[in-house]
Structures are given as C-alpha cells and as structure tokens.
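Chemist: Got a structure for you, written out below as structure tokens; questions coming shortly.
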Amino acid sequence: MPDVTEGSKAPAFDMATADGGRVSLDALKGRKVVLYFYPKADTPGCTTESQDFSALIADFEQIGTTVIGVSRDPVKKLDRFKAKHDLKVVLASDEPEDVTEAFGVWVEKTLYGRAYMGIERATFLIDGTGVVRRVWRKVSVKNHAAEVLAATRSL
C-alpha cells in the first residue's frame with residue numbers, strides 16, 4: 001500500500017465530478033488543494049463533513065485553495081448528494097478506484113467483528129507545487145474542516 005506522507009509528492013489524479021466536470025491535480029497547479037476522502041455519500045458523518053467544508057468554502061477560496069471530497073460513489077449519486085445538501089465543495093468520483101489506492105486510503109475495516117474493505121476517512125493538504133504538506137488519517141469529523149482551514153492558512 002502506498003504511503004503518502006508529509007513532504008512527499010502527491011499522486012496525480014484525474015476524476016469525474018458532480019455536475020459533469022473533471023478535476024485533476026495538474027489543472028490545479030499553483031493552487032493549494034484539500035483532498036478529503038470519505039466512505040459514502042449521504043451518510044451521517046460524510047454529510048456533516050461535506051457540509052462543514054462547504055460552510056468554509058469562501059475562506060478556502062480566499063486563500064487560493066480548492067476543496068475536493070472523494071468517494072467511490074458514482075457521479076449520479078454525487079449529483080444528488082450535492083443538490084440535496086447544497087454542497088459547495090467539488091465532489092469527485094473515484095469509481096475506477098485508482099485514487100483511493102494511490103493515496104493508501106482503501107483499507108481493511110472492521111464492523112461488528114466483520115472485516116471488509118472501505119475508505120479510511122483521511123485528508124491531504126497539497127501545496128501549489130504538488131507536495132503533501134499535511135496528512136490527517138482516521139479523521140474525526142467534529143471541527144475537522146476548521147482545523148484543515150487553519151493549517152491551510154499557515155502554508
């Protein structure tokens with residue numbers, strides 16, 4: 001499993017997004033990028049996390065930062081999720097599974113004693129040159145977006 005750590009080059013990505021677009025690390029050169037991975041659109045923790053980042057989107061934009069939420073959900077589901085909760089962040093679909101693999105967030109999880117594969121809730125702060133500056137793994141949603149904003153401001 002890849003180990004994306006602070007100071008390493010971020011893996012390249014190019015994904016389909018809600019609203020029929022695409023987002024890639026190459027196209028964002030010169031901008032800071034917050035890439036947050038969440039397990040499943042429209043579930044309680046993932047909704048709260050996306051709403052928290054959306055509430056701060058103007059602050060992120062002001063400091064030249066693009067915020068991208070990544071899950072393995074199909075684009076149609078992301079479209080519904082974005083519309084239902086009026087989300088302001090970019091929602092990207094990693095249906096091909098290569099981005100979650102490249103960032104090392106596709107991991108074995110356990111629920112009620114049963115092991116299964118899923119997305120580890122994690123966030124990566126990438127600077128304008130494509131270098132990972134901060135990594136949060138096993139994220140707890142409460143206050144996370146504000147913490148990421150503070151870290152981004154200090155870049």
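The values are calculated or read from the model by the stated rules, or taken from the named source; none is laboratory data. All values derive from a computational prediction rather than experimental measurement. Every residue, glycine as well, gets a Cβ built from its backbone with ideal geometry; the counts of neighbours run over all protein chains shown. Note: accessible area is taken over every heavy atom of the protein model, side chains too, but ligands, DNA and RNA are not part of it. Shrake-Rupley method; radii C 1.70, N 1.55, O 1.52, S 1.80 Å.
Chemist: Just name the residue that is surrounded by the fewest Cβ atoms within 10 Å (Cβ to Cβ) out of those in region 141-154 that are in contact with a helix residue (DSSP H, G or I) (Cβ under 9 Å, 6 or more places away or on another chain) and assigned to a loop (DSSP other than H, G, I, E, B). Talk me through it step by step, then tell me what you get.
Modeler: First, pick out the residues of region 141-154 that are in contact with a helix residue (DSSP H, G or I) (Cβ under 9 Å, 6 or more places away or on another chain): 141-146, 148-149, 152-153.
Checking the rest, the ones that are also assigned to a loop (DSSP other than H, G, I, E, B) come to 141-143.
On the way: Val141: 17, Lys142: 12, Asn143: 10.
Only one residue fits best here, namely Asn143.
Per-residue answers, yes or no, for (1) basic (Lys, Arg); (2) open to solvent by 10 Å² or more (accessible area, probe 1.4 Å); (3) at pLDDT below 95; (4) at positive phi:
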site: Lys82; (1), (2), (3), (4): yes, yes, no, no
site: Lys88; (1), (2), (3), (4): yes, yes, no, no
site: Leu91; (1), (2), (3), (4): no, no, no, no
site: Pro96; (1), (2), (3), (4): no, yes, yes, no
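Chemist: Can you confirm whether region 112-135 contains a residue that is touching a Phe, Trp or Tyr at 6+ places or on another chain (Cβ under 9 Å), assigned to a strand (DSSP E or B) and exposed (fewer than 14 other Cβ atoms within 10 Å of the Cβ)?
Modeler: From region 112-135, those touching a Phe, Trp or Tyr at 6+ places or on another chain (Cβ under 9 Å) are 117-125, 132-135; that's our starting set.
Adding the requirement that they be assigned to a strand (DSSP E or B) leaves 117-119, 122-125, 132-135.
Checking which are exposed (fewer than 14 other Cβ atoms within 10 Å of the Cβ) leaves us with 117.
Checked region 112-135: at least one residue is touching a Phe, Trp or Tyr at 6+ places or on another chain (Cβ under 9 Å), assigned to a strand (DSSP E or B) and exposed (fewer than 14 other Cβ atoms within 10 Å of the Cβ).
Chemist: Moving on. Identify, please: which residue in region 8-22 is within 16 Å of Ala102 (Cα to Cα) and touching a strand residue (DSSP E or B) at 6+ places or on another chain (Cβ under 7 Å) and is, among those, most open to solvent (accessible area, probe 1.4 Å)?
Modeler: The first filter runs over region 8-22 and keeps only residues within 16 Å of Ala102 (Cα to Cα), leaving 8-15.
Filter once more, so that each one left must be touching a strand residue (DSSP E or B) at 6+ places or on another chain (Cβ under 7 Å): 8-10, 13-15.
On the way: Ser8: 31, Lys9: 134, Ala10: 12, Phe13: 12, Asp14: 87, Met15: 4 Å².
Across region 8-22, the extreme among qualifying residues is Lys9.
Chemist: Another one. With region 1-110 as the region, which strands (runs of 3 or more DSSP E) entirely inside it contain at least 3 residues that are in contact (Cβ under 8 Å) with a residue 40 or more places away in the chain?
Modeler: So the answer is 14-17, 32-37, 65-71, 90-93.
Chemist: Of (1) open to solvent by 70 Å² or more (accessible area, probe 1.4 Å); (2) closer than 12 Å to Val89 by Cα; (3) among the charged types (D, E, K, R), Asp26 satisfies all except one. Which?
Modeler: All conditions pass for Asp26, except number (2).
Chemist: To continue, here is another question. Quick one: in region 29-53, of everything that is within 21 Å of Met117 (Cα to Cα) and aliphatic (A, V, I, L, M), which residue is surrounded by the fewest Cβ atoms within 10 Å (Cβ to Cβ)?
Modeler: Looking at the filtered set, the residue picked out is Ala41.
Residue by residue, here is whether (1) on the phi < 0 side of the Ramachandran plot; (2) of a type in the set (A, V, I, L, M) holds:
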residue	(1), (2)
Arg114	yes, no
Gly118	yes, no
Arg121	yes, no
Ile126	yes, yes
Val132	yes, yes
Lys138	no, no
Leu155	yes, yes
